1. Does the stretch 10-18 contain at least one residue that is open to solvent by 50 Å² or more (accessible area, probe 1.4 Å), of a type in the set (Val, Ile, Thr) and on the phi < 0 side of the Ramachandran plot?
2. Scan the stretch 80-98 and report the pairs whose first residue is under 17 Å from PHE5 (Cα atoms) and whose second residue is of a type outside the set (S, T, N, Q) and open to solvent by 100 Å² or more (accessible area, probe 1.4 Å), with Cβ atoms within less than 7 Å and a gap of 6+ or a chain change.
3. Which one is nearest to GLN13 (Cα to Cα) among residues in the stretch 53-78 that are within 9 Å of the chain's Cα centre (by Cα) and open to solvent by less than 10 Å² (accessible area, probe 1.4 Å)?
4. Write out, first by first residue and then by second, each pair whose Cβ atoms fall under 9 Å of each other, whose residues are 6+ apart or on separate chains, and whose first residue, in the stretch 8-21, is over 12 Å from PHE71 (Cα atoms) while the second is among the acidic types (Asp, Glu).
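The values are calculated or read from the model by the stated rules, or taken from the named source; none is laboratory data. In this text the structure is predicted, and so the values were computed from the model without any measurement. Reconstructed Cβ throughout: ideal geometry from the backbone, glycine too, with neighbour counts over all protein chains shown. Remember, those area values only see protein heavy atoms, side chains included, never the ligands or the DNA or RNA. Shrake-Rupley method; radii C 1.70, N 1.55, O 1.52, S 1.80 Å.
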Amino acid sequence: MMRNFLVLLGNKQTGSLREDLLEQHVQHLEAMSRLGCLRLCGPFTDGAGAVMVFSGHSAEEVEDWVMQDPFIKERYYGSYDIKEFTEANESNRWLMGEPEA
């Protein structure tokens, strides 16, 4: 069963983005998207970090994907945090009737 994971990237190395590193990062994102595991991603408008939303089987699997990202490998982002979440949507009636965690 696929689960949902939010990844917050932080501790950005401002002013150190190389064109080749950006290209490698984009290629990684494209590969994750083709696999169907990357649902959305993007930088924060304040420039302080970025967010990724993955569908995966486990936090460990998602961490493996994050660790393969050139932005993490090259420490452009110095930290990341992975949080599993339950998607509230129309099909599950916005979690009505779900026990609160």
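1. Within the stretch 10-18, one or more residues are open to solvent by 50 Å² or more (accessible area, probe 1.4 Å), of a type in the set (Val, Ile, Thr) and on the phi < 0 side of the Ramachandran plot.
2. Partner pairs satisfying both residue conditions: ALA88/TRP94.
3. VAL66
4. Qualifying pairs under 9 Å: LEU8/ASP81.
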